[in-house]
Structure formats: C-alpha cells, structure tokens
Amino acid sequence: MEEKFEPKIAAFVCNWCTYTGADLAGTSRLKQEANARLIRVPCTGRIDPVFIIKAFENGADGVLISGCHPGDCHYNAGNFHARRRWILFKNLLDFIGIDSSRLYFSWVSASEGKKWVDIVDGVIDAVRAKGPFKQYKKMNKEIEIPVAAEEGVSVK
C-alpha cells in the first residue's frame with residue numbers, strides 16, 4: 001500500500017497580524033490542514049534569508065512567509081523591506097538550484113482568520129501537487145569536499 005505524501009510547510013508569520021489571524025482561525029474552530037508549522041517572528045522584515053534555506057535543509061517541502069498588509073506594519077516599513085528582499089531572494093533560490101515556486105508570500109491581518117485558512121490550505125495543496133522536496137538532499141550529495149590523503153580524515 002502506497003503512503004500518501006503529506007507535505008511539511010514551514011510558515012514564518014508576523015506576530016502582530018498573521019499569527020493573530022491564525023489564532024482567530026483556531027479559536028473560531030475553522031477547519032484547516034495541519035501540515036504547516038508556524039514560526040512566529042516579530043516582523044517579516046526581520047526574517048533572515050538563511051532561515052528559509054535552513055527550513056528546506058531541515059526537511060520543509062514548502063515555505064510560507066506571511067505578515068501585515070503593506071502600510072499596516074507595526075514597525076512602520078518592515079513588510080515593505082521584506083517584500084523587496086523576497087523578490088530578490090526568489091531569484092537567488094533559482095540560481096542556487098532550489099525551486100522558488102515552493103516559497104509563498106501572503107499578507108493576513110489579525111481579523112482575517114478565514115483568509116489564513118484559505119491561504120495555508122492552498123499552499124499545502126500546491127506543495128502536495130509538486131511532491132516531496134528532494135533538491136536539497138540531491139545538491140548536498142553533489143558537493144564533495146576533497147580529502148587530504150595524508151591526513152586520513154574523511155569529510156562528507
């Protein structure tokens with residue numbers, strides 16, 4: 001019997017808006033898939049691109065970044081900085097060999113619990129259709145560090 005693929009989604013969410021919207025969805029008992037793991041950050045502008053690469057490295061099949069609507073940031077312009085950063089970062093992902101279509105963005109306010117459910121379920125369905133993310137493991141196998149024969153040390 002073949003097991004159905006269930007994707008793992010790492011969701012970096014703004015503390016002030018998206019996290020509160022996700023909480024509203026939960027307290028309103030809205031049904032949503034349970035494949036997303038929320039990582040609460042103060043602001044989407046504070047997300048280091050290394051966090052996204054680390055999420056893929058640690059087995060995420062997709063990454064969702066969600067914060068306040070543009071113009072509603074609790075830190076004035078954090079989400080504008082994030083939006084500019086992620087436009088460039090998606091190109092970098094493609095360049096280094098990670099499928100950038102596995103990276104998703106959204107803006108969810110604290111009062112949009114239903115929107116959060118629709119977004120997270122949509123991301124999970126999209127990633128499920130793409131299948132498991134195996135590019136990172138494949139990339140690591142392709143990179144071999146030469147070992148100095150005289151030292152007798154093996155590095156992999």
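The values are calculated or read from the model by the stated rules, or taken from the named source; none is laboratory data. Every value quoted in this text rests on a predicted model; they were computed, and no experiment measured them. Every residue, glycine among them, receives a Cβ derived from its backbone with ideal geometry; neighbour counts consider all protein chains shown.
Residue check, Asp125 against (1) within 19 Å of the chain's Cα centre (by Cα); (2) modelled with pLDDT under 55, all met but one. Which one?
(2)
Just name the residue that is farthest from Gln135 (Cα to Cα) out of those in segment 63-73 that are in contact with a strand residue (DSSP E or B) (Cβ under 7 Å, 6 or more places away or on another chain) and either outside any loop (DSSP other than H, G, I, E, B) or acidic (Asp, Glu) (or both).
Top of the filtered list is Gly67.
For segment 9-24, what are the residues that are farther than 12 Å from Ser109 by Cβ and part of a helix (DSSP H, G or I)?
Asp23
Kindly evaluate Asn140 against the criterion of being in a helix (DSSP H, G or I) and at pLDDT below 95.
Yes; evaluated as a whole, the condition is true for this residue.
Look at segment 21-63 and say how many of its residues are touching a helix residue (DSSP H, G or I) at 6+ places or on another chain (Cβ under 7 Å), over 23 Å from Asn76 (Cβ atoms) and without any contact (Cβ under 8 Å) to a residue 40 or more places away in the chain.
Of the residues in segment 21-63, 1 are touching a helix residue (DSSP H, G or I) at 6+ places or on another chain (Cβ under 7 Å), over 23 Å from Asn76 (Cβ atoms) and without any contact (Cβ under 8 Å) to a residue 40 or more places away in the chain.
Just for segment 74-100: of the residues that are in contact (Cβ under 8 Å) with a residue 40 or more places away in the chain and part of a loop (DSSP other than H, G, I, E, B), which one is surrounded by the fewest Cβ atoms within 10 Å (Cβ to Cβ)?
Within segment 74-100, the match that is surrounded by the fewest Cβ atoms within 10 Å (Cβ to Cβ) is Gly97.
Looking at segment 108-122 only, could you name the residues that are touching a Gly at 6+ places or on another chain (Cβ under 7 Å) and crowded, with 24+ Cβ neighbours inside 10 Å?
Passing the criteria: Val108, Trp116.
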